[in-house]
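Engineer: Quick one: this structure, given as structure tokens, is what I'll be asking you about.
The values are calculated or read from the model by the stated rules, or taken from the named source; none is laboratory data. The model shown is predicted, which means the values in this text are computed figures rather than measured ones. Ideal geometry is used to build each Cβ from the backbone, glycine not excepted, and the neighbour counts take in all protein chains shown.
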Amino acid sequence: MNEFERDLDYLGRMQDYYADERCLPSYARLMSLLGFASKSAVSKLLSRLQLQGFLSRSSDGDWVPTDRFFERTLSTQPVPAGMPVAARDVGADAFVLDQYLINRPSHTQLIPVKGDSMIDAGIHSGDLAVIERRNVANVGDIVVAIVDNEFTLKTLAKEGGKYILQPANPAYPTIRPQGNLEIFGVMVGLVRKYR
């Protein structure tokens, strides 16, 4: 294994640590975690990771992860959900989930979904709806709306010139607001954890 491959292995261990602790490990912890004998070896690794764009230094000298630290592998070959196809070497590109899902971080909120009124749209209880907060939406958008002082996640539709909210489950009725209908935000993504 060459130095670059070893550095990627060390980076992976640091990413796993970060996922658990929500911070980068200290020099002493890195020595233990990576099997280094000295702080000098840790310092050299951190400098190499900085040169590769995975880490940077804050204004007060602390090591901080960059966007590249959070890159994940994105396969260049899609996986069929229908009939299987022959397996072959699969290439990969770098991918940052935040950059894919979120255009306006200051206007984006993750909202847990509760209930099954949108199940036929593939939105399940326990999912996290990625909502871009804005008060304007188009017909057909899945929105978080405030209807008669209650929040709901539904598809925005029009009926007889008036806005309505449609569930994606026939067990639930269409919502025809009696009072005020306010758009809180538009769903731009969905996160589901299977384990």
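Engineer: I'd like to check something: does region 113-129 contain any residue that is at pLDDT below 90, out of contact with any His (no Cβ under 7 Å at 6 or more places or on another chain) and acidic (Asp, Glu)?
Structural biologist: Start the filter on region 113-129 by keeping residues that are at pLDDT below 90, which leaves none.
No, there is no match, as no residue in region 113-129 is at pLDDT below 90, out of contact with any His (no Cβ under 7 Å at 6 or more places or on another chain) and acidic (Asp, Glu).
Engineer: Which count do you get for residues in region 15-53 that are in contact (Cβ under 8 Å) with a residue 24 or more places away in the chain and in a helix (DSSP H, G or I)?
Structural biologist: Applying the first criterion (in contact (Cβ under 8 Å) with a residue 24 or more places away in the chain) to region 15-53 yields 15, 18, 24, 34, 45, 48-49, 52.
Within this subset, residues satisfying the condition of being in a helix (DSSP H, G or I) are 15, 18, 34, 45, 48-49.
So the answer is 6.
Engineer: Is at least one residue of region 131-144 modelled with pLDDT of 90 or more, in contact with a strand residue (DSSP E or B) (Cβ under 7 Å, 6 or more places away or on another chain), of a type in the set (Asp, Glu) and not in a loop (DSSP other than H, G, I, E, B)?
Structural biologist: Yes, region 131-144 contains a residue that is modelled with pLDDT of 90 or more, in contact with a strand residue (DSSP E or B) (Cβ under 7 Å, 6 or more places away or on another chain), of a type in the set (Asp, Glu) and not in a loop (DSSP other than H, G, I, E, B).
Engineer: Does Ile102 satisfy being modelled with pLDDT of 95 or more, surrounded by 13 or more Cβ atoms within 10 Å (Cβ to Cβ) and over 20 Å from Tyr17 (Cα atoms)?
Structural biologist: No; evaluated as a whole, the condition is false for this residue.
Engineer: If Ser56 meets every condition in (1) more than 30 Å from Met187 (Cα to Cα); (2) modelled with pLDDT under 85; (3) assigned to a strand (DSSP E or B) apart from one, which number is that one?
Structural biologist: Going through the list (1) more than 30 Å from Met187 (Cα to Cα); (2) modelled with pLDDT under 85; (3) assigned to a strand (DSSP E or B), Ser56 breaks only (2).
Engineer: Confirm whether Asp98 is part of a strand (DSSP E or B), within 22 Å of Asp67 (Cβ to Cβ) and among the charged types (D, E, K, R). Walk me through it before giving the result.
Structural biologist: Numbers: part of a strand (DSSP E or B): no; within 22 Å of Asp67 (Cβ to Cβ): yes; among the charged types (D, E, K, R): yes.
For Asp98, the condition - part of a strand (DSSP E or B), within 22 Å of Asp67 (Cβ to Cβ) and among the charged types (D, E, K, R) - is not met.
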